[in-house]
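Accompanying notes for the structure given below.
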Amino acid sequence: MNNEFQTRSTEGVSIVICCYNSADRLAETLQHIAALDAPGFGSLEVIIVDNCSTDETARVAIELWCATKCSYELRVVPEKSPGLSNARITGIKAARHDVIIFCDDDNWLCPAYASTAQEILNKDPRIALAGGMTQAVIAPEKEPKWFPQIAGAYAVGGAEGRCEIKIGESVWGAGLVARKSALIELYQSGFKFLCVGRRGSVLSCGEDGEMCHALQWMGHTVYYDGRLKLKHFIPNNRLTWSYAVRMAKGWGAATIHGDAIRLAQNKNQKLRNAIRKSFIYHLVRGGIAIIAQIKVLASLNNSEGNISGLSAASTLGRWQAIAGLNVTYSKVVEEKASWLERTKSKSTVITN
């Protein structure tokens with residue numbers, strides 16, 4: 001993989017949109033990109049990564065972009081391996097500029113987004129990733145009563161202001177600003193995602209947090225800037241309780257990344273680590289937790305608004321992910337822990 005990255009980049013901004021059957025969502029997204037203020041240095045390009053779409057995403061994207069009469073270039077590149085993280089790697093390889101914005105197909109960027117992103121990364125070379133505020137776009141009559149309580153799960157929220165993000169915390173992947181050279185350094189170090197990200201209708205998640213934590217581990221800075229504003233269009237089919245339950249399971253599955261961090265942080269605790277990386281241990285422990293919450297899980301889909309029940313769904317999602325890995329679980333977390341130990345920056349503050 002190392003030789004596939006183009007390490008030379010130019011001044012400007014590359015906007016990467018990872019798409020799976022996005023034909024019906026791209027019109028507003030591309031119109032907002034076409035209306036962006038020009039970056040202060042260099043040009044701007046738009047890269048559509050077609051990640052196994054079965055609709056007319058590629059054709060529609062080109063037609064919609066031509067209709068905007070925008071002078072920025074739009075390119076479509078395919079990625080045949082499903083998963084958001086795979087699509088993002090393809091976008092990084094295709095990007096010509098060092099400033100990359102990962103814009104979801106339902107993100108509507110504010111006019112100053114690209115120029116602000118460039119300003120943030122140019123001002124401080126330590127910053128590898130940056131994120132900001134997100135506002136939900138939902139028809140008032142369609143917003144569920146429980147939505148505000150879990151808006152963060154939809155990457156919605158934020159406040160004015162600017163700050164460095166603490167190690168172990170992260171910014172949302174919606175509108176994520178990234179320094180290409182830092183991402184190349186990350187992948188060339190041997191980094192591999194434990195969290196593959198969404199694959200079509202499969203709501204795996206957590207890859208954004210994993211990327212943030214990995215770059216922080218290497219000594220880079222993750223930054224929050226309230227000037228990075230976008231609107232997140234949320235369609236009605238994502239505002240159902242069953243969808244929220246599926247998301248909770250996805251977040252539970254993503255906690256496996258934390259298992260590897262604990263191994264790396266406590267490498268001298270040999271006995272405890274032998275238990276921590278044991279597939280049988282986690283399978284049994286998770287099974288006991290599920291049995292204890294079996295009544296909640298059995299009624300969860302019919303208990304709309306039971307926010308506390310989403311914790312049980314997360315527990316189930318983690319157990320299902322570990323069961324799916326089977327005996328390879330130990331190998332997977334050991335490999336990630338080994339990467340963490342090799343690449344940890346001396347300046348990194350380890351927190352438990």
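The values are calculated or read from the model by the stated rules, or taken from the named source; none is laboratory data. None of these values were measured; they are calculated from a predicted model. All Cβ positions, glycine included, derive from the backbone under ideal geometry; neighbour counts span all protein chains shown. Ligands, DNA and RNA are excluded from the accessible area calculation, which covers all protein heavy atoms including side chains. Shrake-Rupley method; radii C 1.70, N 1.55, O 1.52, S 1.80 Å.
The figures follow:
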| quantity | calculated |
| --- | --- |
| Among (1) under 22 Å from residue 242 (Cα atoms); (2) touching a His at 6+ places or on another chain (Cβ under 7 Å); (3) of a type outside the set (Gly, Ala, Ser); (4) open to solvent by less than 20 Å² (accessible area, probe 1.4 Å), the one test that residue 137 misses | (4) |
| Residue match in the range 279-288 (condition: in contact (Cβ under 8 Å) with a residue 40 or more places away in the chain and hydroxyl-bearing (Ser, Thr, Tyr)) | no |
| Extreme residue, farthest from residue 267 (Cα to Cα), among residues of the range 331-346 that are small (Gly, Ala, Ser) and surrounded by fewer than 18 Cβ atoms within 10 Å (Cβ to Cβ) | 345 |
| Filtered residues of the range 299-331 (kept if touching a Gly at 6+ places or on another chain (Cβ under 9 Å) and aliphatic (A, V, I, L, M)) | 300, 313, 316, 321, 322, 323 |
| Scope the range 32-50; condition modelled with pLDDT under 95 and surrounded by 17 or more Cβ atoms within 10 Å (Cβ to Cβ); matching residues | 39, 42 |
| Count of the range 266-281 residues which are in a helix (DSSP H, G or I) and either buried (at least 16 other Cβ atoms within 10 Å of the Cβ) or under 17 Å from the mean Cα position of the chain (by Cα) (or both) | 3 |
| Failed condition for residue 83, given (1) modelled with pLDDT under 95; (2) of a type outside the set (S, T, N, Q); (3) out of contact with any strand residue (DSSP E or B) (no Cβ under 7 Å at 6 or more places or on another chain) | (3) |
| Residue in the range 240-255 that is open to solvent by less than 30 Å² (accessible area, probe 1.4 Å), out of contact with any helix residue (DSSP H, G or I) (no Cβ under 8 Å at 6 or more places or on another chain) and not small (Gly, Ala, Ser) present | no |
| Residue in the range 140-164 that is most open to solvent (accessible area, probe 1.4 Å), counting only those that are hydrophobic (A, V, I, L, M, F, W, C) and touching a helix residue (DSSP H, G or I) at 6+ places or on another chain (Cβ under 7 Å) | 153 |
| Per-region count, the range 68-120, residues among the basic types (Lys, Arg), open to solvent by 20 Å² or more (accessible area, probe 1.4 Å) and either under 23 Å from residue 194 (Cα atoms) or part of a helix (DSSP H, G or I) (or both) | 2 |
| Any chance residue 53 is within 16 Å of residue 92 (Cβ to Cβ) and polar (S, T, N, Q) | no |
| Cross-chain or 6+ apart pairs with Cβ under 8 Å, the range 304-322 first and under 21 Å from residue 239 (Cα atoms) and open to solvent by 50 Å² or more (accessible area, probe 1.4 Å), then assigned to a loop (DSSP other than H, G, I, E, B) and not acidic (Asp, Glu) | 304/144; 304/146 |
| Among the candidates 347, 311, residue that is of a type in the set (Ser, Thr, Tyr), assigned to a helix (DSSP H, G or I) and either under 18 Å from residue 242 (Cα atoms) or modelled with pLDDT under 95 (or both) | 311 |
| Verdict on residue 123 being of a type in the set (Lys, Arg) and either open to solvent by less than 50 Å² (accessible area, probe 1.4 Å) or in contact (Cβ under 8 Å) with a residue 24 or more places away in the chain (or both) | no |
| Failed criterion for residue 274 (all others in (1) at pLDDT below 95; (2) within 21 Å of residue 312 (Cβ to Cβ) hold) | (2) |
| Flag if residue 237 is free of Cβ contacts under 8 Å to residues at least 40 places away in the same chain and closer than 24 Å to residue 105 by Cβ | yes |
| Criterion violated by residue 188 - all others in (1) closer than 18 Å to residue 92 by Cβ; (2) at pLDDT below 95; (3) surrounded by 20 or more Cβ atoms within 10 Å (Cβ to Cβ); (4) not hydroxyl-bearing (Ser, Thr, Tyr) satisfied | (3) |
| Residue that is modelled with the lowest pLDDT, among those in the range 7-23 that are buried (at least 18 other Cβ atoms within 10 Å of the Cβ) and closer than 17 Å to residue 177 by Cβ | 9 |
